[in-house]
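Comments concern the structure below.
The values are calculated or read from the model by the stated rules, or taken from the named source; none is laboratory data. Since the structure is predicted, the reported quantities are computational estimates derived from the model, not experimental observations. No Cβ is skipped: glycine too gets one built from the backbone with ideal geometry, and neighbour counts run over all protein chains shown. Quick note on the areas: whole protein, heavy atoms, side chains included, nothing else; ligands and nucleic acids left out. Shrake-Rupley method; radii C 1.70, N 1.55, O 1.52, S 1.80 Å.
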Amino acid sequence: MSEPVPDVVWTPDPREAQLSAIAGFARFVADRAAAGPGPLQDVAADPDVCAALVADPTDYAALHAWSVRDLPGFWSAVAQYLGVRFHARPSAVLEPGPDGSLMPGARWFPGSTLNYAEHALTPGPGRGDGDVAIVAAGEDVEVRTVTYAQLRDQVARARAGLQRLGVGRGDRVVALVPNGVETLVTFLAVASLGAIWSSCSADFGVRAARDRFAQIEPAVLVAVEGYRYGGRHFDVRPTVRALQAELPTLRATVLLPPPAALPEAGTTVDGALTWAELTAVPAEPAFEAVPFDHPLWVLYSSGTTGLPKGIVQGHGGIVLEHLKALRLQLDLGPGDRFFWFTTTGWMMWNFLISGLLAGATVVLYDGNPGYPDLGALWRLAEQHRITYFGTSAPFVQACLKAGLRPRELADLSGLRALGSTGSPLSVEGFRWIAEAVGERIQICSVSGGTDVCTAFLGTAPTVPVWLGELSCAGLGADVVAYDPCGREVVDEVGELVITGPTPSMPVSFWNDPDGSRLRAAYYEDYPGVWRHGDWVRRTPRGSYVIYGRSDATLNRGGVRMGTADFYAVVEGFGEVADSLVVDTTELAAGQPGAATEGELLCFLVLAAGARLEDVEPRLRKALRAELSPRHVPDRFIVIDAVPRTLSGKKCEVPVKKILAGADPDTAVSRGALQNPDSLAAFLALARRPAAG
């Protein structure tokens, strides 16, 4: 039986939808198809698609259906319409790999060359040298603005400085840095050389940074001296010194100035260059033309078990995907101010800075989003007239719980869209945005991952937003739900899979010459199909609902349930600051003396002054009424903190393993956690003898 259709919380304005970039793209597709083959690929041979787009260029369903049916035609059209700057022209749009496979193995735009930094720094229609490229803000620091002309000058100077250090094509430059101007300048300089970038946020400890950086054998380390967070100064120099000793391939270290003076002045890092020294010599902008799949950066998996996997993405794949996502799905362009709260250790930083590709001004913020209070980022939105405000679902939930009403706190009249990612946005979160932020604001709940450095589920300016749902799959992304037998299902919860290749899928994993680790990560369960690891339901409307990670599934009485709904109910209580739910059924199966079903355990971090005996009865009643009797835990257990990865994700699977008796050092890498001390409660529980 189909789920009931939820309320629509945002509807596209018909006039604005017709003026959107995606509608312009639809007209381009129809016109090019009518004119015949383009310089790269016949754009669309299907007369029904052309007729539909001519009749209504805002017909997203027709455009998406064509985009996944004709991948070469679609991505060729994207490259042409959005102005991809090829140096050498491609011989084709899409070719299979040596073994004849597209997943994995797809070769996009073979024979072509280009450069990401050139796309970010070359003025295009609607933007000029004097336009603002970057606005950078932070805790108690002076706001900085950088024009496109200033940005090109700084990148050229940094590029020349890196060349003097011997950095060239293929060399790795790693960075322990805040979200600021010098970080973005350095990245663009690295990309312009055809070198390879990899970053962690400045709060990463020695082990976490080393576990990532040592794998790729860097030539240069760029680091900040210190940073501010929550009103406090943190000195990064001891971490930098330790990394110098533990990264034997380093040829140089560059120190960025801190955003505010460190309390302990006078100490330094031996042999390090200052930012002023690196950028002292003026130079002209230049861009190394590299192959389409030449590595641009290395991102990392969470690393909760074993070393983080180094995920390599290419110049061309990121240029093409980010242009498509930012220009067409988010409708960003010159005149927009694009913000996402992120650190340099999360893929959303890479996504944010690509706002430059779309000609938008990117707004950077470094610091605690709740300092001095939860209104800080909303005041930032007012001050800088942010048009697209991106954040995380936990931040939305925190504002909701605090009773915040941003529309009364700040002038948000310039804000047209609010993006949320990191975890599923609850129905209450949708309602809160509409009521407390603004009913005319498009709610853009998106889902994707570090693996592809984009969102393959999200929104479009021509598609409504339904309460609690992600509006659509991104163009070019064939996202469906599979049942356990690998059959596509609609309006049923299944494994989220992508059935066709996309350009920003990993070029490779680092140190995986035969591709075996990459195949094991995504293609083992359904050969030739990407399994992402989420539970999803695709509705008949083409919208989607995410139910949490499929490897953290709750299995009660043979019914498999995701964790997202559970958290939405439990964390809706003011007495609950955070929670973690774990089902031990799979772990109990096959163990001597094990019951046929394990326990459903709910771990609670209680708000100040709250007591378990007061809130537990109401939690049980709410879970039974709002979800099902199967969702009612066997036990509620109070803990001090939920273990989270450095990017903020809950560690459900490692906790399951610890409770099953696994060696904690194999169950989870402590260096991959924000709060490794939080494991103590679970280790104590695992050691406790079973009752009876």
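Computed values, structure above
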{"read-out": "Long-range lysine pairs (8 or more apart or interchain), the chain, Cα under 30 Å", "value": "15"}
{"read-out": "Leading residue at positive end of dipole, segment 132-272 (Cβ point charges), from Leu250, Val141, Ala191", "value": "Ala191"}
{"read-out": "Per DSSP, loop trypsin sites (Lys or Arg not before Pro) in segment 376-480 with at most 14 further Cβ within 10 Å", "value": "Arg440"}
{"read-out": "Summed residue charge, Cβ within 11 Å of Gly105's Cβ, Lys/Arg positive, Asp/Glu negative", "value": "0"}
{"read-out": "Calculated [θ] (222 nm, deg cm²/dmol) that DSSP helices of n ≥ 4 give over the chain, each run adding -39,500 (n - 2.57)", "value": "-8000 deg cm²/dmol"}
{"read-out": "Within segment 64-161, GluC sites (Glu not before Pro) in DSSP loop having at most 12 other beta-carbon neighbours inside 10 Å", "value": "Glu142"}
{"read-out": "Segment 118-204 - percent of accessible surface contributed by carbon and sulfur, probe 1.4 Å", "value": "45 percent"}
{"read-out": "Cα-based shape type of segment 126-211, given that a ≥ b ≥ c are square roots of the gyration tensor eigenvalues and the cut on a/c is 1.5", "value": "oblate"}
{"read-out": "Inter-part distance where segment 600-623 and segment 199-222 are each reduced to a Cα centre, Å", "value": "39 Å"}
{"read-out": "Low-density loop positions, GluC sites (Glu not before Pro), segment 377-462 - DSSP coil, at most 13 other Cβ in 10 Å", "value": "Glu439"}
{"read-out": "Virtual spin-label span in nm between Val143 and Asp99, 7 Å along Cα→Cβ", "value": "5.3 nm"}
{"read-out": "Accessible area (Å², 1.4 Å probe, nearest 10) - Lys656", "value": "10 Å²"}
{"read-out": "Residue order for Thr563, Thr145 - accessible surface, 1.4 angstrom probe, largest first", "value": "Thr145, Thr563"}
{"read-out": "Ranked order, Val8, Val529 - accessible area, probe 1.4 Å, largest first", "value": "Val8, Val529"}
{"read-out": "Cα shape, segment 158-306, gyration tensor, a/c 1.5 rule", "value": "oblate"}
{"read-out": "Cα gyration tensor shape of the chain, rounded if a/c is under 1.5, else prolate or oblate by comparing a/b with b/c", "value": "rounded"}
{"read-out": "Assigned charges on the beta-carbon of Lys, Arg, Asp, Glu; the chain dipole about Cα centre (debye)", "value": "580 debye"}
{"read-out": "Accessible area, probe 1.4 Å, largest first, for residues Cys485, Cys453", "value": "Cys485, Cys453"}
